[in-house]
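Report on the following structure.
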Amino acid sequence: MHMLNIMEVHETNQMIEQEKLDVRTITMGISLLDCADADVDVVADNIYRKITTYAKDLVATGEAIERDYGIPIVNKRITVTPISLVGASACKSSEDFVKLAHALDRAAKQVGVDLIGGYSALVSKSMTPAEEMLIRSLPQALSETDIVCSSVNVGSTKTGIDMNAVELLGHIIKDIAYNTRDNDSYGCVKFVAFCNAPDDNPFMAGGFHGVTEGDAVINVGVSGPGVVSRALDEAKGRDFEFLCETIKRTAFKITRVGQLVAQEASRRLGIPFGIIDLSLAPTPAVGDSVGEVLEKIGLEQVGAPGTTAALAMLNDQVKKGGIMASSYVGGLSGAFIPVSEDKNMIDAAGAGCLTIEKLEAMTCVCSVGLDMIAIPGDTTAATISGIIADEAAIGMVNQKTTAVRIIPVYGKGVGDSAEFGGLMGYAPIMPVNQTSCEAFVTRGGRIPAPIHSFKN
């Protein structure tokens, strides 16, 4: 028994040192519902005070766990209650909401986290005046703050898709891109449009602290495509049964590490543990790529015929392996396919092997959606809205979370590349079908819920 443990320790060390195993994020969710007030300055103060009180030890605790266990924790993050709810009675204009964005930015910097998410609105059926004001504030809020992230949920299986919100977001994304034009339209990296957004997502830019959650919670997002990739070396030329078994075992090990970190963080901070999100989250580093995993499964390059099937299998095996390692699995869980954050995806997009249409097909079988895709800066607002509507429809009909994080890079076109830095990486500008869908996205109203939504 003792020997086994030593072996396991050795194995984990190898996973960390050679295979880029890391915990991508410890995320503390904080409810701000009790920060509401009629005066916007009071709300801003309340928000600042609550975040800086609750999260004051988050970074130090994360670093102590890293030291004690030798497991890299790449990011420490915070999610908060959707600000459209918190500021609804105080905010009389978009500028008022921007004040709250600044309060979030200040509080997050004060406690030293990498990102804070929740400057968000949930409008899957329609928008309240406050929610619309928050959405209209995004170009200003995301260009004037550094680490604030935003998400807007525009649809769900139960309610359909709010097409008024989808149409508006096309224009908003363009405006965010323009406001951050000096920096490859970086503002758009901090914004995502969702369908069926989960309440407990530790990843950014889509994370917020859902209204179904408690006062505070610890959620952990694991990573580890490098570990899966390395494990697949021994499955070369073997059949699917062996391949699936290998992925499953590896996902179990990765999730176990996440579970350990989550329990430890929860204990040390005295805040309940929520979920582990067992997503394979890549980084731009060589050897830490979901695209590479797909290529080891047998594709010459990601995007080739067979890619969707390979991804479907990978996603399913990750979940089957991970589910045994933690009793509380949530968030987005599966395999992320963010183009700019994945070396092999970047190469495939640059070579024209991976197209937006293929990525859209891939999102039918995995987590999240069209993520970190740079497109020409002159793409119209209507086309962006059409892309969001397509992706939301996939989520709505398939009862899963889908999302769009797309960056129309101001002043750049196909053949250029955009630089986002750090975890966000870089991306070739991908061509987009320019045929107009304006008459479709401007009809107004909402797309009704699909027939299978009536499960009551």
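The values are calculated or read from the model by the stated rules, or taken from the named source; none is laboratory data. Please read these numbers as outputs of a predicted model, since none were measured by experiment. All Cβ positions, glycine included, derive from the backbone under ideal geometry; neighbour counts span all protein chains shown.
So which residues in region 220-248 are within 14 Å of MET313 (Cα to Cα) and touching a residue at least 24 places away in the same chain (Cβ under 8 Å)?
VAL228, LEU232, PHE240, LEU243, CYS244, ILE247, LYS248
Looking only at residues in region 129-145 that are in contact with a helix residue (DSSP H, G or I) (Cβ under 6 Å, 6 or more places away or on another chain) and not hydrophobic (A, V, I, L, M, F, W, C), which one is surrounded by the most Cβ atoms within 10 Å (Cβ to Cβ)?
Checked region 129-145; the qualifying residue surrounded by the most Cβ atoms within 10 Å (Cβ to Cβ) is SER137.
So that you can scan it fast, the table gives a plain yes or no per residue for (1) charged (D, E, K, R); (2) in contact with a Ser or Thr (Cβ under 8 Å, 6 or more places away or on another chain); (3) crowded, with 24+ Cβ neighbours inside 10 Å:
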site	(1), (2), (3)
GLN259	no, yes, no
ALA265	no, yes, yes
ILE271	no, no, no
GLY274	no, no, yes
SER279	no, yes, yes
LYS296	yes, yes, no
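Among the residues of region 144-158, is there at least one that is within 26 Å of ALA449 (Cβ to Cβ) and of a type in the set (A, V, I, L, M, F, W, C)?
Yes; the residues of region 144-158 include at least one that is within 26 Å of ALA449 (Cβ to Cβ) and of a type in the set (A, V, I, L, M, F, W, C).
Please determine, by comparing only the residues of region 327-346 that are among the small types (Gly, Ala, Ser) and within 17 Å of the chain's Cα centre (by Cα), which one is modelled with the highest pLDDT.
Here the answer is SER340.
Filter region 215-260 down to residues that are at pLDDT 90 or above, farther than 24 Å from GLU341 by Cα and hydrophobic (A, V, I, L, M, F, W, C), then give me how many there are.
Looking only at that region, the number is 7.
Per-residue answers, yes or no, for (1) crowded, with 17+ Cβ neighbours inside 10 Å; (2) out of contact with any His (no Cβ under 6 Å at 6 or more places or on another chain); (3) touching a residue at least 12 places away in the same chain (Cβ under 8 Å):
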position: ASP371; (1), (2), (3): yes, yes, yes
position: THR379; (1), (2), (3): yes, yes, yes
position: SER436; (1), (2), (3): no, yes, yes
position: ALA439; (1), (2), (3): no, yes, no
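When you check VAL302 against the structure, is it more than 19 Å from PHE203 (Cα to Cα), touching a helix residue (DSSP H, G or I) at 6+ places or on another chain (Cβ under 6 Å) and crowded, with 18+ Cβ neighbours inside 10 Å, yes or no?
Yes; evaluated as a whole, the condition is true for this residue.
Search region 391-412 for residues being more than 20 Å from ASN315 (Cβ to Cβ) and outside any strand (DSSP E or B), and hand back the single one that is nearest to the chain's Cα centre (by Cα).
TYR410
Specify the residue that is nearest to GLY170 (Cα to Cα); the eligible residues are those in region 391-403 that are hydrophobic (A, V, I, L, M, F, W, C) and out of contact with any Gly (no Cβ under 6 Å at 6 or more places or on another chain).
Of everything passing the filter in region 391-403, ALA393 is nearest to GLY170 (Cα to Cα).
Return the pair list, or none, for Cβ contacts closer than 7 Å from residues in region 28-42 that are part of a strand (DSSP E or B) to residues that are of a type in the set (Val, Ile, Thr), at least 6 apart or on different chains.
Listed pairs, sorted by first residue: MET28/ILE78; MET28/ILE218; MET28/ILE271; GLY29/THR79; GLY29/VAL217; ILE30/ILE51; ILE30/ILE78; ILE30/VAL80.
Would you say ALA349 is within 18 Å of the chain's Cα centre (by Cα) and crowded, with 24+ Cβ neighbours inside 10 Å?
Against the criterion (within 18 Å of the chain's Cα centre (by Cα) and crowded, with 24+ Cβ neighbours inside 10 Å), ALA349 does not qualify.
Listed here are the residues, each with its yes/no results for (1) closer than 16 Å to SER143 by Cα; (2) outside any helix (DSSP H, G or I).
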site: VAL74; (1), (2): no, yes
site: THR79; (1), (2): no, yes
site: SER84; (1), (2): no, no
site: CYS91; (1), (2): no, yes
site: ASP96; (1), (2): yes, no
site: LEU104; (1), (2): yes, no
site: VAL113; (1), (2): no, yes
site: TYR119; (1), (2): yes, yes
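Give the residues of region 121-133 that are under 20 Å from the mean Cα position of the chain (by Cα) and not in a loop (DSSP other than H, G, I, E, B), sorted by residue number.
ALA121, LEU122
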